[in-house]
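Heads up: the structure comes next, in C-alpha cells.
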Amino acid sequence: MRKLLLALIWTNFIIGIQAQTVLEEIRQNPVLSSSNYMAYPGPLQKKLTPAPKGMKPFYISHYGRHGSRFHSKPSIYNAPYLTLSKADSLGKLTPLGHDVMMRLDRIRKNAEYHWGDLTPLGARQQQEIGKRMMTRFPEVFQGAADIDARSTGVGRCVLSMENMLLQMLRINSHLNIHQDATHRDMYFLNYQDKPLFALKKNKASIDIIEKYKERYIKNNHLTQLLFNDSVYVRDHVNSIEFGSQLLIVAAIMPGTELGKEVTLFDVFTIDEIYGIWRAGNVYWYVGYGACPVNGGVQPYTQRNLLRKLITDADSCILQSKTNVQLRFGHETVLMPLVCLLDINGFGVAVDDLELLEEKGWANYRIFPMASNVQFIFYRRDKNDRDVLFKVLLNENEVTLPLPGSQAPYYRWSDFRDYYLKKLDAYEN
C-alpha cells in the first residue's frame, strides 16, 4: 500500500509540473523563453522520495552541461546592434530604439573576448549542484570515496568540472578524485554522428523549421517600438530575424553579472516572446528529439554515451566501495540523451508539431545552463545485486518507460535489459 501511495504522489508531482500551459508559464516567467540559454533554476523538487526500506545510495552516475556562459561568438551580440546602429545613422530609431541600441553596445563590450566563457554564475551553479549532491546522498561521499570526473576539452566544461570538484573537496577533503579532459573520451562525451546530423539538415527538416518561424514569430509591435519608419522596416529589416537575434541576447543576460543591471526582455510583448520561443522549440525538437520528419532517430546520436553509462554502472555495482562518475559536456548531448531515455515522456514522436507543447515537450524543462542527469543507485549491502536506482533531471525525480510500482525507483536489471535491446534494435 505504501509503495502504491508513493507512486501516486510522484505521478501527481510530474503531472503538476506539466499541467500549466507553456504560455502560462512564460507569462509568469518570461526568462523561460531563453531555452538553452536559461540560467539554471535549481531543483523544483525540494524533498526527494524516500528510498525503499533498507536501501542506501552507493553509486552516482552523472552527465552535466557546463554552467552559464557568454555567447560563443561576437556576431550573436553584434547582429541586432548593427541593425539598430545602421537605422540610427539614418535617423530611423525612436528614443526607445536608441536606448536599446546603447544597451546592446554595453552588452557586447562587456562580452568582448569572453566568447563562450563560463560566467561567475556558471561557476556557482556547478558548486551548488555538487553541494546538493553531497547533501542529498551523503553515504556516497564518505571518507575516501572515489570520484572519476571527465570533461570535453572546451574551457567552460573543464571549469564546470573544476568548480564542482573544488566544492566537493571543501566539504570532504579526503575524497579520492581522478579527473581528465581528453579527446579519447569524446566518442561518448560529445559524439559527432555525421550520418544522423545530415538527416536533420535535409530539406524536409529545414522547410518545417522555416514554416514554423514564419507562422509563430510576429514582431510588428517590437519594430514599431524601436523604429520610427515602417517603410524603412519593410525594406531594410528582417523583422523575424531581428526579433529572434534580440531575444537571444536578452536570454543569456541573466547568466552574467551585467544581467543584474541590464535587461532586454522589457521591449517585447509576451506574445512576441512566446512566438519566438515556439519556433525555437520546434527547431530543437526537429534537430534533437524523436521527430518523425527526419525518421525519429536523432536521440540515437547518444547511443555511445548510454552504452558507456550502462557499462560503467555494471562495473561499479560489483565494487564494494562507493563511487561517483561525473561527466561534463554540452546541451546538444544532454537533450538527445534525455529523449533517448524517454525521461518524463520526452522521447515522444509528434507528427503534428502544433501539438508539441500539448504533449509536454518544452525545451526549457530539459536543458537550461548547467542542466544535468543523475543516476542514483541503491542497495542493501555490498553483496546485494538486486540494485534499485532513480534518475534525476536537473535534480528532480523523473519517470521512465519501465515497470515499477516503486517509481521513481526502478530495478537496474529492468533498465539494462530495456535499453540495451533498444540500442541493439537500432544498430541492427
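The values are calculated or read from the model by the stated rules, or taken from the named source; none is laboratory data. Treat the numbers as computed from the prediction; the structure is a model and nothing was measured. Glycine also receives a Cβ, built like all others from the backbone with ideal geometry; neighbour counts cover every protein chain displayed. Accessible surface is based on the protein model in full, side chains and every heavy atom, while ligands, DNA and RNA are left aside. Shrake-Rupley method; radii C 1.70, N 1.55, O 1.52, S 1.80 Å.
Only residues in the range 44-55 that are at positive phi count as the first member; pair them with residues that are open to solvent by 30 Å² or more (accessible area, probe 1.4 Å) and assigned to a loop (DSSP other than H, G, I, E, B), Cβ under 6 angstrom, at least 6 apart or cross-chain, and list the lot.
Every condition considered, the pairs that remain are Gly54/Arg380.
Name the residues in the range 100-131 that are over 22 Å from Pro74 (Cβ atoms) and surrounded by fewer than 16 Cβ atoms within 10 Å (Cβ to Cβ), would you?
Listed by number, the list holds a single entry, Lys131.
Hey, among the residues in the range 78-94 that are in contact with a Leu (Cβ under 7 Å, 6 or more places away or on another chain) and within 12 Å of Val249 (Cα to Cα), which one's most open to solvent (accessible area, probe 1.4 Å)?
Restricting to residues being in contact with a Leu (Cβ under 7 Å, 6 or more places away or on another chain) and within 12 Å of Val249 (Cα to Cα), the top hit is Tyr81.
Looking at (1) within 15 Å of the chain's Cα centre (by Cα); (2) modelled with pLDDT under 95, which is the only condition Leu341 fails?
Going through (1) within 15 Å of the chain's Cα centre (by Cα); (2) modelled with pLDDT under 95 one by one, Leu341 breaks only (2).
I want to confirm something. Restricting to the range 132-161 and keeping residues that are in contact with a Pro (Cβ under 7 Å, 6 or more places away or on another chain) and of a type in the set (A, V, I, L, M, F, W, C), which single residue is surrounded by the fewest Cβ atoms within 10 Å (Cβ to Cβ)?
The extreme case among them is Val140.
Output the residues belonging to the range 263-286 that are open to solvent by 10 Å² or more (accessible area, probe 1.4 Å) and either of a type outside the set (Asp, Glu) or in contact with a Cys (Cβ under 8 Å, 6 or more places away or on another chain) (or both).
Thr263, Phe265, Phe268, Thr269, Ile270, Tyr274, Ile276, Arg278, Gly280, Tyr283, Trp284, listed by residue number.
Need the failing condition index for Arg65 against (1) closer than 16 Å to Met253 by Cα; (2) within 20 Å of the chain's Cα centre (by Cα), just the number.
Status for Arg65: all satisfied but (1).
Checking the conditions here, which among Val249, Val262 is of a type outside the set (S, T, N, Q) and not in a helix (DSSP H, G or I)?
None of the others qualify; the one that does is Val262.
Checking Glu427 against (1) under 30 Å from Tyr216 (Cα atoms); (2) of a type in the set (D, E, K, R); (3) open to solvent by 40 Å² or more (accessible area, probe 1.4 Å); (4) in contact (Cβ under 8 Å) with a residue 24 or more places away in the chain, which test does it fail?
(1)
Search the range 195-210 for residues that are aliphatic (A, V, I, L, M) and pair each with any residue that is open to solvent by 60 Å² or more (accessible area, probe 1.4 Å) when their beta-carbon atoms are under 9 Å apart and the residues are at least 6 apart or on different chains.
So the pair list comes out as Ile209/Tyr283.
For a quick check of your reading of the model, give me the residue pairs whose first member lies in the range 113-142 and is touching a residue at least 40 places away in the same chain (Cβ under 8 Å) and within 30 Å of Ser320 (Cα to Cα), whose second is of a type in the set (Gly, Ala, Ser) and part of a helix (DSSP H, G or I), with beta-carbon atoms closer than 8 Å and at least 6 apart or on different chains.
Gln126/Ser160
Looking at (1) within 24 Å of Gly295 (Cα to Cα); (2) touching a residue at least 60 places away in the same chain (Cβ under 8 Å); (3) surrounded by 21 or more Cβ atoms within 10 Å (Cβ to Cβ), which is the one condition that is false for Ala370?
(1)
Are any of the residues in the range 207-217 open to solvent by less than 20 Å² (accessible area, probe 1.4 Å), assigned to a loop (DSSP other than H, G, I, E, B), more than 30 Å from Pro120 (Cβ to Cβ) and at pLDDT below 95?
No - not one qualifying residue is present in the range 207-217.
Given (1) touching a residue at least 60 places away in the same chain (Cβ under 8 Å); (2) among the small types (Gly, Ala, Ser); (3) on the phi > 0 side of the Ramachandran plot, where does Gly296 come up short, assuming only one miss?
If we test Gly296 against (1) touching a residue at least 60 places away in the same chain (Cβ under 8 Å); (2) among the small types (Gly, Ala, Ser); (3) on the phi > 0 side of the Ramachandran plot, just (1) comes out false.
Which residues, taken from the range 224-240, are in contact with a Lys or Arg (Cβ under 9 Å, 6 or more places away or on another chain), under 19 Å from Ile273 (Cα atoms) and surrounded by fewer than 20 Cβ atoms within 10 Å (Cβ to Cβ)?
If the condition is that a residue be in contact with a Lys or Arg (Cβ under 9 Å, 6 or more places away or on another chain), under 19 Å from Ile273 (Cα atoms) and surrounded by fewer than 20 Cβ atoms within 10 Å (Cβ to Cβ), then Ser239, Ile240 are the ones that fit.
Return the pair list, or none, for Cβ contacts closer than 6 Å from residues in the range 301-314 that are of a type outside the set (Asp, Glu) to residues that are open to solvent by less than 40 Å² (accessible area, probe 1.4 Å) and not in a helix (DSSP H, G or I), at least 6 apart or on different chains.
Thr301/Asp193; Leu309/Ser61; Ala313/Ser61
Considering (1) buried (at least 20 other Cβ atoms within 10 Å of the Cβ); (2) hydrophobic (A, V, I, L, M, F, W, C); (3) more than 25 Å from the chain's Cα centre (by Cα), say which one Ala251 fails and leave the rest.
It fails just one condition, (3).
Scan the range 315-344 for residues that are under 27 Å from Pro292 (Cα atoms), assigned to a helix (DSSP H, G or I) and open to solvent by 10 Å² or more (accessible area, probe 1.4 Å) and jot them down.
Glu331, Thr332, Asn344
Does Val282 satisfy being within 29 Å of Val398 (Cβ to Cβ) and either modelled with pLDDT under 95 or of a type in the set (A, V, I, L, M) (or both)? Write out each step before concluding.
Working: within 29 Å of Val398 (Cβ to Cβ): yes; either modelled with pLDDT under 95 or of a type in the set (A, V, I, L, M) (or both): yes.
In short, yes.
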